[in-house]
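Here the structure is laid out as structure tokens; the discussion comes afterwards.
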Amino acid sequence: MSLSRVENPCFLLFLAGFQALFILILYRGGATSVFRGILEAPRALDYSRTHDVYSNLSLFTQAPNKDTMRYCAAQSPIFVGPLTISFNMLPSERTIINKNPFVQPGGRYSPPHCLARYKSAIIIPHKNQEKYLRHLLYYLHPFLQRQQLHYGIYLIQQAGNTTFNRAKLLNVGVREVLKDEDWDCLLLHDVDLVPENDYNLYICDEYFPKHMASAVDKFQYSLPYLSFFGGVSALTPDHYMKMNGFPNTYWGAGSEDDIAARIQLAGMKIARTPIHLGRYKMMDQEQTAGREELLRRPAPLHDTTKTWRDDGMNTIEYILLARKKHPLYTNITVDIGYIPRVLSKSAKKGKRG
């Protein structure tokens, strides 16, 4: 560098500004966050060229000696990106079982060729949606296997004829699945959404609750509104307990917005999967016109600032009616009570289940 350039006032001013910017970056979160932002910036993916979700799964064969298995590669060797998703033909349960030979009773799976780096529990709130469930299981099992996860799929079945209560069922699910294993990540998954890209990793963010379904086809692959946290989300057990879980008092619609408020009140923020990866297809869109309008706007909130500490995991009450291991999932049937009469009319108007 020449002496004349060093002595140039403009150059010295530029250098001082650059140093100040660098110090500010380190102060506000470190250079790593900047590099992460660059790496996670939206990039072009060709979703017109998709791949079978079962392609190359046969490469994962049983290791000859489990005692000498190494940890799985940090990135799966069979990722393909965009996946072919179609709901035209309903697969039989036998077909799904045959195509997933390493899935154990209860919907549990561990990679046969390596030691998984992550343990994820998939929790699906459910009521009278068997067709959706079969489509989801057909795609979700191979999707998770492609990511070399140790996982379990849990169906939390609401008994009775009362209004669907998604949030309360998820509280039940979290409590029940943590009895089985010390899971790294809890995936809260609507039954009618299927992921479109195997790079959408079903693992948790280290610091914050993560919203996975950031781009659903029903909403032209964009968020319905800024605080939306519905569809599919990923939380560590610590995240979930820190925000006292989900509200038990939302029968029908609106809990997603209360949840977003809880995250902030608990001193966290929402992390989101980038829209080029967090793409999902929704089943039977022609039957969800009313639901779309509900999801496109925030629901009127309870006073979450006053209720979140006293309505959630610390107040959950339910009766466990059945717990059974099916070939593709663990079914947990529960009685979560009835909607209070005071709330009955408003909940029916906003019913999403």
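The values are calculated or read from the model by the stated rules, or taken from the named source; none is laboratory data. A quick note: this is a predicted structure, and the numbers were derived from the prediction, not measured. Don't worry about glycine lacking a Cβ; one is built from the backbone with ideal geometry, like all the others, and counts go over all protein chains shown.
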- [ ] Check off (1) at pLDDT below 95; (2) polar (S, T, N, Q); (3) at positive phi for Gln148 and give me the number that stays unchecked.
- [x] (1)
- [ ] Give just the number: which of (1) surrounded by 10 or more Cβ atoms within 10 Å (Cβ to Cβ); (2) part of a helix (DSSP H, G or I) does Ser58 not satisfy?
- [x] (1)
Task: Search result, residues across the stretch 101-151 that are part of a helix (DSSP H, G or I) and farther than 22 Å from Asn197 by Cβ - done: Glu130, Lys131
Open item on the list: Of all residues being at pLDDT below 95 and out of contact with any Asp or Glu (no Cβ under 9 Å at 6 or more places or on another chain) in the stretch 221-244, which is farthest from Tyr338 (Cα to Cα)? Just the residue, please.
Closed with: Ser222
Open item on the list: Which residue is farthest from Leu187 (Cα to Cα), if the candidates are limited to the stretch 106-136 and must be among the hydrophobic types (A, V, I, L, M, F, W, C) and under 18 Å from the mean Cα position of the chain (by Cα)?
Closed with: Leu133
Open item on the list: Looking at Thr163 and the list (1) farther than 25 Å from Lys210 by Cα; (2) at pLDDT 95 or above, which single condition is not satisfied?
Closed with: (2)
- [ ] Scan (1) exposed (fewer than 15 other Cβ atoms within 10 Å of the Cβ); (2) touching a residue at least 24 places away in the same chain (Cβ under 8 Å); (3) under 23 Å from Leu235 (Cα atoms) for the single condition Phe143 breaks and write down its number.
- [x] (1)
TODO: Take the stretch 166-188 and flag every residue that is of a type outside the set (Lys, Arg), modelled with pLDDT of 95 or more and under 18 Å from Gly312 (Cα atoms).
DONE: Leu169, Leu170, Asn171, Val172, Gly173, Val174, Glu176, Val177, Leu178, Leu186, Leu187, Leu188
Open item on the list: Quick test of your reading of the structure: Ala74 fulfils all but one of (1) under 19 Å from Tyr202 (Cα atoms); (2) touching a Phe, Trp or Tyr at 6+ places or on another chain (Cβ under 9 Å). Name the failing condition by number.
Closed with: (2)
- [ ] Those residues that are touching a Phe, Trp or Tyr at 6+ places or on another chain (Cβ under 7 Å) and surrounded by fewer than 19 Cβ atoms within 10 Å (Cβ to Cβ), I need them from the stretch 238-269; list them, please.
- [x] Leu265, Met268, Lys269
Task: Selection status of Tyr54, within 17 Å of Leu201 (Cα to Cα) and in contact with a Pro (Cβ under 6 Å, 6 or more places away or on another chain) - done: yes
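Would you pick out the residues in the stretch 187-219 that are among the aliphatic types (A, V, I, L, M) and either closer than 17 Å to Leu136 by Cα or in a loop (DSSP other than H, G, I, E, B) (or both)?
Result: Leu187, Leu188, Val191, Leu193, Val194, Leu201, Ile203, Met212, Ala213, Val216.
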TODO: Go through the stretch 220-253 and give me each residue that's touching a helix residue (DSSP H, G or I) at 6+ places or on another chain (Cβ under 7 Å), part of a loop (DSSP other than H, G, I, E, B) and among the aliphatic types (A, V, I, L, M).
DONE: Met243, Ala253
